[in-house]
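To start, the structure itself, in structure tokens.
The values are calculated or read from the model by the stated rules, or taken from the named source; none is laboratory data. All values reported here derive from a predicted model rather than from experimental measurement. Note: ideal-geometry Cβ built from the backbone for every residue, glycine included; neighbour counts use all protein chains shown. Side chains included, ligands, DNA and RNA excluded: accessible areas come from the protein's heavy atoms. Shrake-Rupley method; radii C 1.70, N 1.55, O 1.52, S 1.80 Å.
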Amino acid sequence: YFYGTFPEDFTWGVSSSAYQIEGGWDADGKGPSIWDNFTHVPGNVNNNSTGDIACDSYNKVEEDIYMLRALGVKNYRFSLSWPRIFPTGRNNSINSHGVAYYNRLIDGLIANNITPIVTLYHWDLPQALQDIGGWESNELIDLFDSFADFCFQTFGDRVKFWITINEPNIIARLGYGEGLFPPNVKEPGTAPYRVAHILLKAHARVYHTYDDKYRASQGGVIALCPFVSWAEPKTPSDPRDIEAADRYLQFLVGWFTHPIFKNGDYPEVMKWKVGNRSELQNLPSSRLPVFTAEEREYIRGTADVFCFNTYSSKIVSHSTTRLRPFSYEYDQEVSVRVDSSWPSSALTDHRPVAWGLRRVLNWIKEEYGNPPIYIIENGVGKKADSDVDDNARIFYYKTYIDEALKAYKVDGVNLKGYNAWSLMDNFEWVDGYEPRFGLHQIDFDNPNRPRTPKRSAVYYAEVIHNNGILLPKEDE
């Protein structure tokens, strides 16, 4: 165990997202999102839960800010609901009530010296845009840019930290490959690659809009936020397993970060594997789309910092996979498992593995030339109606933050901030309200949605107050 503190300007925060906490799904002229419609179909979500009310944050700005103040956080990462601001997804339908809600929240944060970190897109696409093809349509590049432009113009005088798209790799994989998330497209061999291609172009477009029109006057930073899990080679002495683990990371993360932080293009191993397998599948061209020279130049360098979300780790080994059916999973030629000795949590693939965080941070440092790094989501879910005495969550944060501290202090990783997921128990997508990730408990049976701090909230507030993990008095 390692004791020490982070740099003076280190930023501690908590995170949330619009659909998961706001509720008010059709309040004051908000348009429907793909998640509104998806959750209203029985059988799609655990216990048929919806985000119709969620934590009712739409009506509880003051309560949310009170929790943030009590924690002593320096930042709060939340997302804007596109259909709350543009009910039809287009800028000919601006909803002033939605704009007023976010202004109230942002002004409240600023008044309390809390920096807003704002995500433009956290999965809740306006249904009207899904109806014209969603992220499979190139039209979305212009439409997302138009929404982002409005947000920069409206909130950018106070918001200095923007995230374009939350976990684009999960959108592509779960929304279009496995079809677990809306829009429920099950085309694992082609759709994830097509959608990722458009998401990358949309991200780059928004970055350039900020760069060209707003950066000089507003002076903020802007980045993308992928989902990352560490990949530990099953046999660290076997070069094939080491290659497989790196390949897993390139397919999961490098898919989006290699074009942005390196050369505007997909990782070589990805181009090679998908291309080679497409050839063996007798296809006329690779299932992985190709960027033009202009597009590569346009995408390269479109992030000021490296943001990511992380929860767990995997053990990866080389595997010979089938050529059919076509699939993003098979293309990787890896076998992925977990160690049964790792503690379990509310989500089967989110097992606590704290040492994996230090390794992930070092991998990012080595792979991308030690960029400024922000951990935007990190936390653990538990299945219990009441988990105010959440010692397991305290242990999770204690060990994960300690590994982050080692990466910063011992390994020289340029770590700038850490955000816990999440401020409060909320709607966990297809898992509904069963997994509780919050530092604050929400009573979802009570129409007032009262908020109760858990022991982990008290612990996290102490870590923030100390700016790290201090040596206990008796050991000094």
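Suppose we keep only residues that are touching a Ser or Thr at 6+ places or on another chain (Cβ under 9 Å), of a type in the set (D, E, K, R) and farther than 16 Å from V206 by Cβ within the range 123-159. Which one would you say is least open to solvent (accessible area, probe 1.4 Å)?
Among those that are touching a Ser or Thr at 6+ places or on another chain (Cβ under 9 Å), of a type in the set (D, E, K, R) and farther than 16 Å from V206 by Cβ, it is D124.
Please enumerate the residues belonging to the range 270-329 that are in a strand (DSSP E or B), under 20 Å from the mean Cα position of the chain (by Cα) and either among the β-branched types (V, I, T) or closer than 15 Å to G189 by Cα (or both).
Step one: filter the range 270-329 for residues in a strand (DSSP E or B), giving 306-318.
Then drop every residue that is not under 20 Å from the mean Cα position of the chain (by Cα), which leaves 306-314.
Answer for the range 270-329, where residues must be in a strand (DSSP E or B), under 20 Å from the mean Cα position of the chain (by Cα) and either among the β-branched types (V, I, T) or closer than 15 Å to G189 by Cα (or both): just T310.
Take the residues of the range 44-72 that are assigned to a loop (DSSP other than H, G, I, E, B) and β-branched (V, I, T): which is least open to solvent (accessible area, probe 1.4 Å)? Don't jump to the end; show me each part of the working.
Taking the range 44-72 as the starting set, the residues that turn out to be assigned to a loop (DSSP other than H, G, I, E, B) are 44-45, 49-56, 60, 72.
Imposing the further condition that a residue be β-branched (V, I, T) reduces the set to 45, 50, 53.
Values: V45: 9, T50: 35, I53: 85 Å².
Once the filter is applied, the top-ranked residue is V45.
Is the range 155-167 home to any residue that is polar (S, T, N, Q) and over 17 Å from the mean Cα position of the chain (by Cα)?
Residues of the range 155-167 polar (S, T, N, Q): 164, 166.
Filter once more, so that each one left must be over 17 Å from the mean Cα position of the chain (by Cα): none.
No, because not a single residue in the range 155-167 is polar (S, T, N, Q) and over 17 Å from the mean Cα position of the chain (by Cα).
List pairs: first residue in the range 242-260 and buried (at least 21 other Cβ atoms within 10 Å of the Cβ), second residue of a type in the set (S, T, Y) anywhere in the structure, Cβ distance under 6 angstrom, at least six positions apart or on different chains.
A244/S317; I260/T302
Out of the range 152-179, which residues are assigned to a helix (DSSP H, G or I) and closer than 19 Å to H208 by Cα?
Taking the range 152-179 first, the residues assigned to a helix (DSSP H, G or I) are 152-155, 168-176.
Within the range 152-179, F152, Q153, T154, F155, P168 qualify.
Name the residues in the range 330-354 that are of a type in the set (V, I, T), under 27 Å from A404 (Cα atoms) and either part of a strand (DSSP E or B) or at pLDDT 95 or above (or both), would you? Working first, answer last.
Step one: list which residues in the range 330-354 are of a type in the set (V, I, T), which gives 334, 336, 338, 348, 353.
Checking which are under 27 Å from A404 (Cα atoms) leaves us with 336, 338, 348, 353.
Scanning the range 330-354 gives V336, V338, V353.
Please verify whether L180 is over 26 Å from F306 (Cβ atoms), in contact (Cβ under 8 Å) with a residue 60 or more places away in the chain and among the aliphatic types (A, V, I, L, M), treating the condition exactly as stated.
Spelling it out, L180 is indeed over 26 Å from F306 (Cβ atoms), in contact (Cβ under 8 Å) with a residue 60 or more places away in the chain and among the aliphatic types (A, V, I, L, M).
Any idea which of (1) in contact (Cβ under 8 Å) with a residue 12 or more places away in the chain; (2) in a helix (DSSP H, G or I); (3) under 23 Å from the mean Cα position of the chain (by Cα) is the one D211 doesn't satisfy?
Status for D211: all satisfied but (1).
Looking only at the range 261-274, decide whether some residue is open to solvent by less than 40 Å² (accessible area, probe 1.4 Å), closer than 25 Å to K160 by Cα, in contact with a Pro (Cβ under 8 Å, 6 or more places away or on another chain) and touching a residue at least 60 places away in the same chain (Cβ under 8 Å).
Scanning the range 261-274 turns up no residue that is open to solvent by less than 40 Å² (accessible area, probe 1.4 Å), closer than 25 Å to K160 by Cα, in contact with a Pro (Cβ under 8 Å, 6 or more places away or on another chain) and touching a residue at least 60 places away in the same chain (Cβ under 8 Å).
Between a first residue in the range 46-66 that is on the phi > 0 side of the Ramachandran plot and a second residue that is among the aliphatic types (A, V, I, L, M), which pairs have beta carbons less than 8 Å apart while being 6 or more apart in sequence or on different chains?
What qualifies is A54/I21.
Regarding G24, is this residue open to solvent by less than 50 Å² (accessible area, probe 1.4 Å), outside any loop (DSSP other than H, G, I, E, B) and touching a Lys or Arg at 6+ places or on another chain (Cβ under 7 Å)? So that I can check it myself, show each step before the final result.
Values: open to solvent by less than 50 Å² (accessible area, probe 1.4 Å): yes; outside any loop (DSSP other than H, G, I, E, B): no; touching a Lys or Arg at 6+ places or on another chain (Cβ under 7 Å): yes.
Answer is no for this residue.
Can you tell which of A191, A172 is within 30 Å of D339 (Cβ to Cβ), in contact with a helix residue (DSSP H, G or I) (Cβ under 8 Å, 6 or more places away or on another chain), open to solvent by less than 10 Å² (accessible area, probe 1.4 Å) and of a type in the set (A, V, I, L, M)?
Within the list A191, A172, the selection yields A172.
Filter the range 73-97 down to the residues that are in a helix (DSSP H, G or I), within 21 Å of L140 (Cα to Cα) and not aromatic (F, W, Y) and list them by number. Spell out the reasoning first.
Pass one, the range 73-97, residues in a helix (DSSP H, G or I): 82-85, 96-97.
Next, from what is left, pick out any that are within 21 Å of L140 (Cα to Cα): 82-85.
Selection gives P83, R84, I85.
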